[in-house]
């Protein structure tokens, strides 16, 4: 019995690590640690559900899937007219389900679900490379202290984009502002060109 439990944990650990690592390399707001914690935790609860209520574990399993929603909500970034981070939030939720499926021994269903997730993510990356739709980018801009914020925002005026300010900070003679921008791929080059032309821009990074 103990070897079956260890096998379940090893399976979900490998599955969640690979997906989470890809998300971290892609600089998404949710990295591999979160996916591992959610998946392994759900797997453990799935195993416990079978131990506590082997006849009918569904009520406990259902409450786990519902309860994990608060963590997914934390991955969302809300602006006045748009919400970002749905893919990250949905990924957390579905990985809790994959963890539960492995935990209760439904390896085939869990593997099919996991495969579908990878197909969707791979397709999304292909569409992004093809320039289909809007995709989120994080932009960090460092300027000289005292530069009016309206100058930075002016760079994005006239572009087909949505901008959300994440944070601003000052380090000695440098001001740093971070934004999330939803923008078609072809417009990223225009923003880079505009930023390079501004003498008050010390450096910038688009992820």
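Residues to consider are 68, 64; find the one that is surrounded by 14 or more Cβ atoms within 10 Å (Cβ to Cβ), closer than 30 Å to residue 181 by Cβ, at pLDDT below 70 and over 14 Å from the mean Cα position of the chain (by Cα). Just a single option satisfies the conditions, and that option is 68.
Checked against the criteria, residue 158 counts as farther than 27 Å from residue 26 by Cβ, at pLDDT below 75 and loosely packed, with under 12 Cβ neighbours inside 10 Å. Being surrounded by 14 or more Cβ atoms within 10 Å (Cβ to Cβ) and either modelled with pLDDT under 70 or not in a helix (DSSP H, G or I) (or both) is the filter here, so list the residues in region 12-60 that pass it. If the condition is that a residue be surrounded by 14 or more Cβ atoms within 10 Å (Cβ to Cβ) and either modelled with pLDDT under 70 or not in a helix (DSSP H, G or I) (or both), then 28, 29, 30, 31, 57, 60 are the ones that fit. Do you know which residues across region 102-116 are in contact (Cβ under 8 Å) with a residue 40 or more places away in the chain and assigned to a loop (DSSP other than H, G, I, E, B)? 104, 105, listed by residue number.
The values are calculated or read from the model by the stated rules, or taken from the named source; none is laboratory data. This is a predicted model, so every value here is computed, not measured. Note: ideal-geometry Cβ built from the backbone for every residue, glycine included; neighbour counts use all protein chains shown.
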